[in-house]
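Q: The structure under discussion is supplied below as structure tokens; questions concerning it will follow.
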Amino acid sequence: MTSASQLLMREKFETCLSVCRQASLQILPLLTITASEGKDPQWFFQQLEQARLALGSWMAVAKRLNLNDAEISQFTLLLRHLQQLVPQYESGQEISHNQLISALRFVSYLELVRLRQPLLGYSTELDKNSEAEQQKAVRQMRALELMLKAMITKNYPSQSHLVNKLKKQFGADCVRRWLKHGEQGDVLSGMRFGELALMVVDKKEFANHYAEIFHSSPQLNLFIDQRKTLQTFLDDVREIRNHLIQQPPLTSVQLALLDSYYQESSAAIQRAWDEGRTTVNPAAFMAADDAQVQEFIELAQKKYHQAGRDSDEVRDTIDHPDLRHTKKKQDTGETLRMLMWCVAGVALISAAILGMNFLSGITQKPAQANSGPAKVTVVDSLPFSQSAREKLANIGITWEEGNLRSAIERGDSTVVRLFMQGGMNWKVYYTESALAGDYRDALNTLLQYRSQMDEERPCRRMVRTVSQAMNDGQSLTSLRKQFLQTFCSTPEIIDRQKEDLERAKLRLQAQQQRNSDSTDTDEKHAVEIQKAIYDAMR
């Protein structure tokens, strides 16, 4: 018998798919793609790929939707993740919490796309908003903030120890600001939500203090890494919190997302409390009366007026203040050097043009060209002595991880190489779209700079993505094999893949025994896929 919670999840999920279909029918015509009927997320993503090919680049697609480079990258990433989790869906099918969250995250981004492009008018409402739902959201937001504070506080014997640690991590200036804006004797009360979240999901802090709370929990597995999942959820909560404080009420999508994020985060901590592994009790934080909820909102609004919007995303690590100062000086120096090289470049190009005109005037017989004119790109025309970062700045690309990711996804090998030469790290999961499109130049460039790949455990996700692609009819290309050999060839990973292959064989054997007169094609295909990946790793 289907549970009430499953029915509710299924209803929300099917509503999300309906929103996606409606949105696709309004978005695709803006991208020169005609469609008479909206279909599943996989179809929508395929249509966007066709639009990219027709328009020439993802940037051209972004321009039609009034999105910037990072926003179109996030838009396609969320849609790709949704279609990977739900390649096909039939009405009445069981829905997992991860599938619902993925659908809600994409619909939430459709709200941003509609805001950017006035020509779009699709509805993203999932159900009617009620005052009770809005109050529940405030309680959940308050509980999440109190949970973060309690988890941080329990790691320090006193407030002075915590203050000293924060000075080392963030710098004395930040701590003075927090003490000024917070309550007396409580430095955490002066911090923004994103700063509290960073204290928990920082790689070192999480490994030292919080991993044991979450490691045995079945929650927080939208991504392979629990820490990364929690980081993503809390960063989305930060944005929802900004909306709640600045321009309430929340939309139905934001309410559903916040509810899902709270359930995932609090369930793991509640389980640890029930088992005696932590002193933080989420249930106690949700038991707040109306006066406490109203006090929370008033304090949050006061902090907003004092410290401004919580605009910094929740990062992987806490930047040491000296490092931030160094980066600031470096960025300033690079800006000055960029301006100097721009002036020098203009002068050099002008001199070259004058020289060519002069030579053409004194030459009696022009030489016969053996071939067509060489193609000169904008980057090639920049002074050779410029650094990679300066060259990127001169062509209007800022030094941001999102721009590298976008360049990889659209197969821009020139920009990818400049990022690599400049020393930026990259992650294997950035290449999923490029591997699907077989963008050889960009991918080979990344393999040349494999030492700069800093994803902690890339293989589980890569194997899952490659398996799904092959299941959808794509081939195990030479580049996919090369990536598997490069990053997944350790004995432990090969052994794990061998176990997956053996399990697939056992499933096939069991299926054949149940149906002795026929062979299950899907199970046989699964064995072939697992074997191909296993052979590629060895």
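Q: Just give me the residues in the range 473-494 being surrounded by fewer than 15 Cβ atoms within 10 Å (Cβ to Cβ) and within 23 Å of Gln46 (Cβ to Cβ), in sequence order.
A: Selection gives Gly473, Gln474, Ser475.
Q: Within the range 52-76, can you find the residues that are without any contact (Cβ under 8 Å) to a residue 40 or more places away in the chain and crowded, with 19+ Cβ neighbours inside 10 Å?
A: Val61, Ala62, Phe75
Q: State all residues of the range 181-229 that are assigned to a helix (DSSP H, G or I) and of a type in the set (A, V, I, L, M); if no residue qualifies, say none. Quick ask: steps written out before the conclusion?
A: To start, the set of residues in the range 181-229 that are assigned to a helix (DSSP H, G or I) comprises 181, 187-190, 193-201, 203-214, 226-229.
Hits for the range 181-229 are Val187, Leu188, Leu196, Ala197, Leu198, Met199, Val200, Val201, Ala207, Ala211, Ile213.
Q: While we're on this one: I'm checking my understanding of the structure. Among residues of the range 252-271 that are touching a helix residue (DSSP H, G or I) at 6+ places or on another chain (Cβ under 7 Å) and aliphatic (A, V, I, L, M), which one is nearest to His215 (Cα to Cα)?
A: The selected residue is Ala268.
Q: Quick test of your reading of the structure: Gln448 fulfils all but one of (1) farther than 22 Å from Asp535 by Cβ; (2) surrounded by fewer than 14 Cβ atoms within 10 Å (Cβ to Cβ); (3) within 21 Å of the chain's Cα centre (by Cα). Name the failing condition by number.
A: Going through (1) farther than 22 Å from Asp535 by Cβ; (2) surrounded by fewer than 14 Cβ atoms within 10 Å (Cβ to Cβ); (3) within 21 Å of the chain's Cα centre (by Cα) one by one, Gln448 breaks only (3).
Q: OK, next. Does any residue of the range 516-525 turn out to be of a type in the set (S, T, N, Q), in contact with a helix residue (DSSP H, G or I) (Cβ under 8 Å, 6 or more places away or on another chain), surrounded by fewer than 19 Cβ atoms within 10 Å (Cβ to Cβ) and closer than 25 Å to Asp225 by Cα?
A: No, because not a single residue in the range 516-525 is of a type in the set (S, T, N, Q), in contact with a helix residue (DSSP H, G or I) (Cβ under 8 Å, 6 or more places away or on another chain), surrounded by fewer than 19 Cβ atoms within 10 Å (Cβ to Cβ) and closer than 25 Å to Asp225 by Cα.
Q: Oh, and also: Considering the range 125-171 alone, what residues qualify as being of a type in the set (Gly, Ala, Ser), under 31 Å from the mean Cα position of the chain (by Cα) and in a helix (DSSP H, G or I)?
A: Hits for the range 125-171 are Ala137, Ala143, Ala150.
Q: Taking the range 271-298 on its own, how many of its residues are part of a helix (DSSP H, G or I) and within 21 Å of Gln135 (Cβ to Cβ)?
A: Here is the first cut: in the range 271-298, the ones part of a helix (DSSP H, G or I) are 271-274, 282-286, 290-298.
Filter once more, keeping what is within 21 Å of Gln135 (Cβ to Cβ): 282-286, 290-298.
Residues meeting the conditions: 14.
Q: Which residue out of Val187, Val200 is outside the structural domain of His81 (by TED's automatic domain parsing), at pLDDT 90 or above, farther than 29 Å from Gln99 by Cβ and of a type in the set (Val, Ile, Thr)?
A: One residue alone meets the criteria, Val187.
Q: Of the residues Leu162, Leu166, Leu188, which is within 22 Å of Val237 (Cα to Cα) and out of contact with any strand residue (DSSP E or B) (no Cβ under 9 Å at 6 or more places or on another chain)?
A: Result of the check over Leu162, Leu166, Leu188: Leu188.
Q: Restricting to the range 437-462, count the residues that are in contact with a helix residue (DSSP H, G or I) (Cβ under 6 Å, 6 or more places away or on another chain) and closer than 26 Å to Gln50 by Cα.
A: The qualifying residues number 6.
Q: Among the residues of the range 16-44, write down those that are in a helix (DSSP H, G or I) and either at positive phi or surrounded by 19 or more Cβ atoms within 10 Å (Cβ to Cβ) (or both).
A: We begin by selecting, within the range 16-44, every residue in a helix (DSSP H, G or I); these are 16-30, 41-44.
If the condition is that a residue be in a helix (DSSP H, G or I) and either at positive phi or surrounded by 19 or more Cβ atoms within 10 Å (Cβ to Cβ) (or both), then Cys16, Leu17, Val19, Cys20, Ala23, Ser24, Ile27, Pro41, Phe44 are the ones that fit.
Q: What are the residues in the range 182-219 that are over 30 Å from His305 (Cα atoms), buried (at least 16 other Cβ atoms within 10 Å of the Cβ) and small (Gly, Ala, Ser), if any?
A: Residue satisfying the conditions is Ser217 alone.
Q: Residue by residue through the range 169-181, note down the ones that are touching a Pro at 6+ places or on another chain (Cβ under 9 Å) and either of a type in the set (Val, Ile, Thr) or over 11 Å from Glu195 (Cβ atoms) (or both).
A: Residues of the range 169-181 touching a Pro at 6+ places or on another chain (Cβ under 9 Å): 169-174.
Residues satisfying the conditions are Gly171, Ala172, Asp173.
Q: Given (1) surrounded by 18 or more Cβ atoms within 10 Å (Cβ to Cβ); (2) closer than 25 Å to Asn155 by Cα; (3) within 24 Å of the chain's Cα centre (by Cα), identify the lone condition not met by Phe285.
A: It is condition (3) that Phe285 fails.
Yes/no matrix, rows are residues, columns are (1) surrounded by 17 or more Cβ atoms within 10 Å (Cβ to Cβ); (2) over 22 Å from Asn281 (Cβ atoms); (3) basic (Lys, Arg):
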{"site": "Ala103", "(1), (2), (3)": "yes, yes, no"}
{"site": "Pro118", "(1), (2), (3)": "no, yes, no"}
{"site": "Asn155", "(1), (2), (3)": "no, no, no"}
{"site": "Lys168", "(1), (2), (3)": "no, yes, yes"}
{"site": "Asp173", "(1), (2), (3)": "no, yes, no"}
{"site": "Lys180", "(1), (2), (3)": "no, yes, yes"}
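A quick yes/no check of all residues on (1) at positive phi; (2) under 18 Å from the mean Cα position of the chain (by Cα); (3) free of Cβ contacts under 8 Å to residues at least 60 places away in the same chain:
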| site | (1), (2), (3) |
| --- | --- |
| Arg405 | no, yes, no |
| Ser413 | no, no, yes |
| Arg417 | no, no, yes |
| Gln421 | no, no, yes |
| Ser433 | no, yes, no |
| Asp438 | yes, no, yes |
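Q: Would you kindly identify the helices (runs of 4 or more DSSP H) lying entirely within the range 398-517 that contain at least 1 residues that are among the acidic types (Asp, Glu)? Quick ask: steps written out before the conclusion?
A: Working: elements: 401-409, 413-422, 432-437, 440-448, 459-471, 478-487, 491-514.
Per the criteria, 401-409, 432-437, 440-448, 491-514.
Q: Out of Leu258, Leu234, Leu244, which single residue is in contact (Cβ under 8 Å) with a residue 60 or more places away in the chain, part of a helix (DSSP H, G or I) and touching a Ser or Thr at 6+ places or on another chain (Cβ under 9 Å)?
A: Leu234
Q: Among the residues of the range 94-117, is there at least one that is under 18 Å from Leu28 (Cβ atoms), in a loop (DSSP other than H, G, I, E, B) and more than 20 Å from the chain's Cα centre (by Cα)?
A: Yes - at least one qualifying residue is present in the range 94-117.
The values are calculated or read from the model by the stated rules, or taken from the named source; none is laboratory data. Everything quoted here is computed from the prediction, not taken from an experiment. Cβ atoms come from the backbone with ideal geometry, glycine included; neighbour counts cover every protein chain shown.
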